[in-house]
Amino acid sequence: MSHKNLLTQEGYDSLVAQLNELKRRQDHLITQIEEVAQPDESGEDGLVTQLKDELEVVDGKIENLEEVLEDTEIISGVCQRDEVKIGCKVKIKISGNLTKEFNIVSQLEADPSTDKISDKSPLGLALIGKKINEEVEVSAPVGKITYKIVSIN
């Protein structure tokens, strides 16, 4: 059974933009290699080797992104408020009165710096399937931390 990559529309659009940028970079590298390489030289110089190595990396990233996008299901931005799922914005209370809001997303679009946490992260795993007012405990380097779900949007 194949596993679909679940992405929000924003995450999908971001990956498509990355793919397009990589393809532009690929075209640029190919042009550079053609301009630098001298057909009559028997050996390649360091610049050509470096450009080819970079092209190989870019080709690999393109292939990876194309595979991901090929098997993607876009989840609606509409989150039912009855339980936490990918695509939901969850407001939690952390061990006391501190509250924090997180968007639960797939691993492909997780970005903790913008409060987008993966459904596979320790906190994401603990929150998935839970309801408002439920508490979850997550082990952290500082010990167990208790989170209470305040709202789901």
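None of the figures in this text is laboratory data; all of them are computed from the coordinates on show. Here the structure is a predicted model, which is why all the values come from computation and not from measurement. Glycine gets a Cβ as well: all are built from the backbone with ideal geometry, and neighbour counts include every protein chain shown.
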Which label belongs to the value computed from this structure, given these candidates for semi-axes √(5λ) of the Cα gyration tensor in Å: [x] 24, 19, 15; [y] 44, 17, 12; [z] 30, 17, 12?
[y]
Restricting to the chain, compute how many DSSP beta bridges are antiparallel as a %, nearest 5.
75
Could you go through region 22-29 in sequence order and give the Karplus-derived ³J(HN,Hα) for each residue, using 6.51 cos²θ - 1.76 cosθ + 1.60 with θ = phi - 60°, rounded to whole Hz, and x for Gly and Pro?
5, 5, 4, 5, 4, 4, 5, 5
Could you work out [θ]222 nm for the chain from helices alone, using -39500 (n - 2.57) per DSSP H run of at least four and dividing by all its residues? Round to the nearest 500 deg cm²/dmol.
-13000 deg cm²/dmol
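Any idea what the dipole of region 89-152 comes to, in debye rounded to 20, about its Cα centre with Lys/Arg Cβ at +1 and Asp/Glu Cβ at -1? Please list the in-between numbers first.
Working: 10 positive and 8 negative charges, 38 e Å.
That gives region 89-152 a dipole magnitude of about 180 debye.
For the cross-link pairs 4/91; 61/144; 61/91; 61/120, which exceed 30 Å when the distance is taken from alpha carbon to alpha carbon?
Values: 4/91 27 Å; 61/144 38 Å; 61/91 34 Å; 61/120 22 Å.
61/144; 61/91, as the Cα separations exceed 30 Å there.
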Dimensions in Å of region 5-74 - Rg and Dmax from alpha carbons:
15.9, 51
